[in-house]
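Asker: Below you'll find the structure I mean.
Taken together, the values in this text are just the output of simple stated rules run on the coordinates, not laboratory data. Here the structure is a predicted model, which means the values were calculated and not measured. When we count neighbours, we look across all protein chains shown, and the Cβ atoms used for this are built from the backbone with ideal geometry, even at glycine.
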């Protein structure tokens with residue numbers, strides 16, 4: 001009886017525009033009525049809801065729905081329209097023409113400060129693969145950046161073309177920035193920023209150039225569906241030494257690690273947070289010595305490979321980490337970045353070459369493109385200064401620019417020898433020690449020199465910093481330091497301890 005009266009009541013109600021009774025669809029309409037989306041820019045959505053939706057919404061709960069203060073779609077589409085109009089975007093090179101966005105702050109000043117400790121796998125590299133020399137070459141990429149700029153400027157862009165427009169959305173900061181984390185909570189958020197602002201634009205443009213050089217001249221090289229599958233940017237397999245990212249040129253057959261294929265790597269990418277990579281982290285190795293001729297503007301450092309995992313300096317932890325990743329993946333190129341600063345590293349034999357730092361205003365995406373392109377043999381390898389194949393050649397060619405980082409304890413039973421070269425700086429880590437002793441230094445009548453600094457009459461730069469010079473037991477016949485060096489004219493304080 002109640003059911004019959006309910007049917008009669010529904011029959012008296014007017015139908016909605018879709019022919020259904022309002023009361024019969026009221027509960028369903030509450031779950032399917034979409035919230036209106038208001039957008040601007042090239043992808044505009046209707047600013048008004050359909051009449052039926054507005055009409056039926058009156059029968060919904062009277063509790064007002066809270067409104068978002070910030071509409072992500074509106075922000076993104078507005079940014080897209082602004083980005084298009086902020087060109088000109090005439091070529092691929094223009095996509096790298098602006099500074100990348102500045103990353104937001106980390107949620108806490110004490111967060112993300114820890115640096116990954118050196119692992120036993122990194123320390124246990126064979127002696128033949130260990131890093132011996134670190135060479136800072138500030139101009140390392142200058143010529144390659146010029147060549148890369150010429151390559152990119154040859155590919156013209158037309159943002160009225162759908163494929164060109166799609167490519168640009170991966171590279172224009174005003175487009176991708178609103179979708180990035182606005183507060184950094186972990187290193188993963190830094191990785192997202194580096195991917196979007198540096199690595200993805202470089203990889204996208206690298207694929208365009210590869211397709212352009214493939215010989216298929218009848219095709220538009222910017223068409224996304226024509227892009228080659230490789231190079232690609234991936235995470236690293238869970239082996240003993242794991243970079244943050246790998247740039248792959250493909251996959252190769254397994255060699256017994258229990259998988260069907262292994263990555264065929266072009267270069268490695270290591271990403272750090274700005275709290276673990278302070279602005280002055282590499283300042284000591286990027287400081288040029290006085291008196292180096294302009295034609296030889298590079299600086300060489302001897303690197304002492306650790307014997308155990310107890311590495312204290314963050315700088316050395318990072319260098320060991322990146323070097324071990326390059327050796328393990330058998331590559332010659334690496335990119336090190338924290339988004340704020342980016343640098344290129346090149347491996348040759350037992351020597352690591354580093355470029356200068358590129359900040360957010362110095363087109364780090366273009367630097368990444370250069371590194372990827374050199375690894376893919378699209379650009380020539382930089383001319384490396386005096387890249388001797390043997391240690392003897394290294395010492396002969398580079399001794400006048402050598403700085404030695406002494407670590408731990410050096411035990412010498414005889415004269416430690418002339419401090420290397422006519423320009424040298426020796427910097428100890430946590431009060432490194434040159435420890436001498438034995439019968440050589442036991443005769444007070446015929447003393448011997450433990451550390452000889454230069455030869456008589458030398459005029460050059462020589463500095464000792466944070467070094468201890470003790471002896472093992474009584475040594476009445478020791479001359480601990482024989483100093484023979486005078487500072488060059490106009491360089492007061494260039495020699496001393």
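Asker: Roughly how many nanometres apart are two label points built 7 Å out from the Cα toward the Cβ at residue 229 and residue 330?
Answerer: It works out to 2.1 nm between the two label points.
Asker: Assign one of three labels to the stretch 143-207, namely rounded, prolate or oblate, based on the Cα gyration tensor with a ≥ b ≥ c the square roots of its eigenvalues; rounded applies when a/c is under 1.5, prolate when it is not and a/b is larger than b/c, and oblate otherwise.
Answerer: Judged from the Cα gyration tensor, the stretch 143-207 comes out oblate (a/c at least 1.5, b/c at or above a/b).
Asker: Rounded, prolate or oblate: which one fits the stretch 295-368, using the alpha carbon gyration tensor with axes a ≥ b ≥ c (rounded when a/c is under 1.5, else prolate when a/b beats b/c, else oblate)?
Answerer: Cα axes put the stretch 295-368 in the prolate bin.
Asker: Just to be sure I understand the model, the point goes 7 Å from the Cα along the line to the Cβ. What's the resulting residue 220 to residue 192 distance in nm?
Answerer: Placing both labels 7 Å along Cα→Cβ, they lie 3.2 nm apart.
Asker: Per-residue counts of other Cβ atoms within 10 Å, averaged by peptide: what ranking do you get for 435-443, 349-357, highest first?
Answerer: Output ranking for 435-443, 349-357: 349-357, 435-443.
Asker: Could you compute the FRET efficiency for residue 487 and residue 286, with r as their C-beta to C-beta distance and R0 at 30 Å, rounded to 0.05?
Answerer: The computed FRET efficiency comes out at 0.85.
Asker: What distance in nm separates the simple spin-label points at residue 156 and residue 129, each placed 7 Å from Cα in the Cβ direction?
Answerer: Taking the two extended label points, one gets 4.9 nm.
Asker: For residue 380 and residue 308 in the same chain, what is the full-extension length gain: residue separation times 0.36 nm, less their Cα-Cα distance, in nm?
Answerer: 22.2 nm
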